[in-house]
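Asks: The structure is given below, and queries will be raised subsequently.
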Amino acid sequence: MIHQTAIVDASARIADNVEIGPYSIVGADVEIGSGTVIGPHVVIMGPCKIGCDNRIYQFASVGEAPQDKKYQGEPTWLLIGDRNVVREYVTLNRGTDEGNRETVIGNDNLLMAYSHVAHDCVVGDNTVFANAASLSGHVEVGDYAILGGFTSVHQFTHIGSKSFCGLGSVVTQDIPPFSTAAGNRARVIGINKEGLRRKGFSEALIRALHKSFRELLKSNGSKQDAFANLRPLCDKYPEVEEFVNFVKNSKRGIAS
C-alpha cells in the first residue's frame, strides 16, 4: 500500500492498511493510523501523529517546522485526529517551545485547498476551512465553526463554536460562539440563525441567543448590567451561558 517511489523513514510508525502515494515523503517520528490515505507528492515531517481514516491530498505539507523566527529546532508536535480531509496545498505546522509545544487538529474537519494552520493552534471537531482560510499562531477554533474562503485570523484570537466567518473576513478579535462575522476588519453582525437551525436549535433558543447578542454587543448599557439581565437565560440554556462566558472571558475583545 506504499508506492515504490515514496520515501518513508525507518522510524515512522505506519499502520498496516495506510496508503501512501507516489513521491510522497514521510519523515522521522511520524505515526499514521489505520485507514489513512496519503496522496502523491505529500510531505509529512515529525514529530507528528496522524489518527485513523484521514485523507490527505496531493502537495499538502504536514508537520513541517513552525514559521516562527524564535524557533530553534526544539522537538514540538503536530497532532491530528481522525477522519479529517486535508485538500491540496494545505500547510499544517508544528508547535513552538514558547507556545503549547503542539498544534492540535481534532476530528472530522474539512481543510480545503491552500488553507493554513500555524504553530500552537487548536482546532476542534467538524470545522470547515474554505479555500485559503488561514490561522496565525496560537488561534483556537471551536467545534463546527466555518471559515469562509480567504479568511485570515490574527494570532491569539479565539473563534467560538458553531460560528461563521464570511468570505474574506480579516479577524483581529474574538468571534463568539453561534455568531456570524464578516468584513475587513471582521465584525460580529448577528447570530448564525440559519446555521443553528440546520443544527437543530429550537426557535426559542435562537431567540435567546439573539437577545444575548443584543444585550452584550449592541446595547449602550454596561456589560455588568447585561450579565445580570441574562442570568435567567443562562440558567435555562447552556448555550446562552456559553455565549455569555465567552464574551466575559475574552482576552482580545469581541469583534463587535
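Asks: All but one of (1) buried (at least 23 other Cβ atoms within 10 Å of the Cβ); (2) assigned by TED's automatic domain parsing to the domain that holds ALA65; (3) not charged (D, E, K, R) hold for VAL153; which doesn't?
Replies: Unmet for VAL153, out of (1) buried (at least 23 other Cβ atoms within 10 Å of the Cβ); (2) assigned by TED's automatic domain parsing to the domain that holds ALA65; (3) not charged (D, E, K, R): (2).
Asks: Report the residue count in the range 71-90 for those that are polar (S, T, N, Q) and buried (at least 18 other Cβ atoms within 10 Å of the Cβ).
Replies: Matching residues across the range 71-90 total 2.
Asks: May I pose another question? For the range 53-102, how many residues meet the condition of being closer than 21 Å to SER34 by Cα and outside any loop (DSSP other than H, G, I, E, B)?
Replies: 12
Asks: Shifting gears a bit: Which of the residues spanning the range 28-49 are in contact with a Cys (Cβ under 8 Å, 6 or more places away or on another chain) and either among the polar types (S, T, N, Q) or not in a strand (DSSP E or B) (or both)?
Replies: If the condition is that a residue be in contact with a Cys (Cβ under 8 Å, 6 or more places away or on another chain) and either among the polar types (S, T, N, Q) or not in a strand (DSSP E or B) (or both), then ASP29, GLY33, SER34, GLY35, THR36 are the ones that fit.
Asks: Within the range 236-256, count every residue that is part of a helix (DSSP H, G or I) and either of a type in the set (Asp, Glu) or touching a residue at least 60 places away in the same chain (Cβ under 8 Å) (or both).
Replies: Number satisfying all stated conditions: 6.
Asks: Here's another thing I want to ask about it. Residues that are touching a strand residue (DSSP E or B) at 6+ places or on another chain (Cβ under 8 Å), within 19 Å of VAL90 (Cα to Cα) and of a type in the set (S, T, N, Q): does the range 138-153 have at least one?
Replies: Among the residues of the range 138-153, at least one is touching a strand residue (DSSP E or B) at 6+ places or on another chain (Cβ under 8 Å), within 19 Å of VAL90 (Cα to Cα) and of a type in the set (S, T, N, Q), which makes the answer yes.
The values are calculated or read from the model by the stated rules, or taken from the named source; none is laboratory data. Just so we're clear, the structure is a prediction, and the values are computed from it rather than from any experiment. Please note: Cβ atoms are built from the backbone with ideal geometry, for glycine as well, and neighbour counts cover all protein chains shown.
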